[in-house]
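These notes are about the structure you will find just below.
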Amino acid sequence: MTMNRKPVRKAVLPAAGLGTRFLPATKAQPKEMLPVVDKPLIQYAVEECVASGIENVIIVTGRGKNAIEDHFDASPELERFLAEKGKTQLADMIRQISDMVHISYIRQKEAKGLGDAVLTAKELVGDEPFAVLLGDVIIDAVPSATRQLMDAYDATGLGAIAVEPVAMDQIHLYGVVDGEPATGPHASDRLLRVRNLVEKPKKEDAPSNLGITGRYVLPPEIFSCLERTTVGSGGEIQLTDGLRLLAKEQGLLAYRYEGRSYDAGDKLGFLKATVEIALKNEEFGEEFRAYLKSLSL
Ligand code: G1P
């Protein structure tokens with residue numbers, strides 16, 4: 001049954017937002033380039049693509065985002081300089097960033113919302129399933145969260161979105177899923193069939209505590225859904241609203257992925273992600289832990 005299903009080879013990384021939650025840091029610098037410990041946010045998402053077996057990454061950019069392209073481009077002068085100084089490990093690491101995966105760029109002309117950003121990639125994706133990764137969210141998981149969704153898609157042929165339980169006082173920051181346990185041969189306690197989705201509901205209107213966690217694997221039919229999606233929450237074209245149509249017309253799964261997410265999408269979340277990821281750093285994690293303890297807050 002899965003024989004003729006097209007494999008998931010491509011991923012779309014929306015990176016055209018204005019980064020208003022990080023002003024003034026993002027006045028002249030893309031949010032996606034803010035470093036968490038030693039890597040820009042967007043590199044975590046690109047590395048997750050590579051770990052998931054994605055072959056083509058499509059980054060949706062906009063004005064003022066050139067640093068992203070430069071980051072993933074080759075840097076022959078820097079590589080030569082490092083090699084001449086005998087810093088071969090660093091030179092290799094720099095080369096790997098540009099060799100990791102094939103990346104294409106497309107510009108969203110106006111920041112009209114996440115749904116519109118995904119729709120911008122329609123021609124580059126073509127008629128095949130694809131992943132979407134929101135770079136604000138770093139997910140520590142093996143297999144990767146994207147891979148877990150790809151496996152759900154491969155098994156069922158239905159789009160799958162990552163969800164996790166969220167504290168109710170934070171639920172208004174998420175797309176929220178109303179789901180029922182999936183039935184049939186692929187039923188598991190992690191898999192839900194989506195009945196409805198609401199973008200950023202008030203606590204009292206939230207259909208559950210399951211928030212969408214920034215990873216999606218979608219069939220190409222989502223594009224026709226997004227073309228029919230009108231302005232929603234925050235005056236933007238929301239991916240969540242397009243997904244509601246997809247759920248109705250074709251079916252959609254929500255998957256409670258296994259792993260740990262860090263939402264670096266606002267200043268506090270970013271600080272928490274930085275501290276937690278720094279604590280795991282092999283080189284200086286222990287020293288950093290000792291330092292935090294010494295602060296005796
Ligand atoms: C976006 C999505 C939302 C999702 C969230 C995850 O919102 O619109 O459905 O739950 O990412 O981080 P944003 O955080 O970009 O406002």
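The values are calculated or read from the model by the stated rules, or taken from the named source; none is laboratory data. Computed from a predicted structure; not experimentally measured. As a convention, Cβ positions derive from the backbone with ideal geometry for all residues, glycine included, and neighbour counts pool all protein chains shown.
When you check Phe223 against the structure, is it without any contact (Cβ under 8 Å) to a residue 40 or more places away in the chain and in contact with a helix residue (DSSP H, G or I) (Cβ under 7 Å, 6 or more places away or on another chain), yes or no?
No; evaluated as a whole, the condition is false for this residue.
Kindly establish whether Arg215 is basic (Lys, Arg), crowded, with 22+ Cβ neighbours inside 10 Å and modelled with pLDDT of 95 or more.
yes
Residues that are surrounded by 23 or more Cβ atoms within 10 Å (Cβ to Cβ) and free of Cβ contacts under 8 Å to residues at least 40 places away in the same chain: does segment 165-183 have at least one?
Yes, because at least one residue in segment 165-183 is surrounded by 23 or more Cβ atoms within 10 Å (Cβ to Cβ) and free of Cβ contacts under 8 Å to residues at least 40 places away in the same chain.
Tell me which residues, restricted to segment 253-277, are aromatic (Phe, Trp, Tyr) and over 20 Å from Arg289 (Cα atoms).
Hits for segment 253-277 are Tyr255, Tyr257.
Please list, ordered by residue number, the helices (runs of 4 or more DSSP H) wholly in segment 12-107 having 1 or more residues that are touching a residue at least 24 places away in the same chain (Cβ under 8 Å).
Passing ranges, in order: 41-52, 66-72, 88-99.
Failed condition for Asn281, given (1) touching a residue at least 40 places away in the same chain (Cβ under 8 Å); (2) within 20 Å of Leu134 (Cα to Cα); (3) more than 14 Å from the ligand (Cβ to nearest atom); (4) not acidic (Asp, Glu), with all others met?
Going through the list (1) touching a residue at least 40 places away in the same chain (Cβ under 8 Å); (2) within 20 Å of Leu134 (Cα to Cα); (3) more than 14 Å from the ligand (Cβ to nearest atom); (4) not acidic (Asp, Glu), Asn281 breaks only (2).
Restricting the search to segment 131-163, which residues are among the acidic types (Asp, Glu) and surrounded by fewer than 21 Cβ atoms within 10 Å (Cβ to Cβ)?
Asp140, Asp151, Asp154
Could you check how many residues of segment 257-268 are farther than 24 Å from Arg147 by Cα and of a type outside the set (D, E, K, R)?
1
Got a number for residues in segment 221-251 being away from the ligand (no atom under 13 Å from the Cβ), crowded, with 24+ Cβ neighbours inside 10 Å and of a type in the set (Gly, Ala, Ser)?
Qualifying residue count for the region: 1.
Please enumerate the residues belonging to segment 197-248 that are among the small types (Gly, Ala, Ser) and within 19 Å of Asp116 (Cβ to Cβ).
Gly214, Ser224, Gly232, Ser233, Gly234, Gly235, Gly242
Taking segment 243-297, which residues are touching a strand residue (DSSP E or B) at 6+ places or on another chain (Cβ under 8 Å), at pLDDT 95 or above and of a type in the set (A, V, I, L, M, F, W, C)?
The answer is Leu243, Leu246, Ala247, Leu252, Leu253, Ala254, Phe270, Ala273, Ile277.
Considering only residues of segment 161-220 that are closer than 25 Å to Arg21 by Cα and in a loop (DSSP other than H, G, I, E, B), which is nearest to the ligand (Cβ to nearest atom)?
Tyr174
List the number of the failed condition for Arg95; all other conditions in (1) charged (D, E, K, R); (2) surrounded by 22 or more Cβ atoms within 10 Å (Cβ to Cβ); (3) over 18 Å from the mean Cα position of the chain (by Cα) hold.
Condition (2) is where Arg95 drops out.
Determine, yes or no, whether Ile138 is among the aliphatic types (A, V, I, L, M), within 16 Å of the ligand (Cβ to nearest atom) and not in a loop (DSSP other than H, G, I, E, B).
Yes; evaluated as a whole, the condition is true for this residue.
What residue, of Leu13, Leu18, Leu41, is within 16 Å of Tyr262 (Cα to Cα) and either modelled with pLDDT under 95 or in contact with a helix residue (DSSP H, G or I) (Cβ under 9 Å, 6 or more places away or on another chain) (or both)?
Matching residue, one of Leu13, Leu18, Leu41: Leu41.
So which of Ala117, Ala131 ends up being in a helix (DSSP H, G or I), of a type in the set (A, V, I, L, M, F, W, C) and at pLDDT 95 or above?
So the residue among Ala117, Ala131 that is in a helix (DSSP H, G or I), of a type in the set (A, V, I, L, M, F, W, C) and at pLDDT 95 or above is Ala117.
So, of the residues in segment 254-278 that are of a type outside the set (Asp, Glu) and in contact with a helix residue (DSSP H, G or I) (Cβ under 6 Å, 6 or more places away or on another chain), which turns out to be farthest from the ligand (Cβ to nearest atom)?
Checked segment 254-278; the qualifying residue farthest from the ligand (Cβ to nearest atom) is Ala278.
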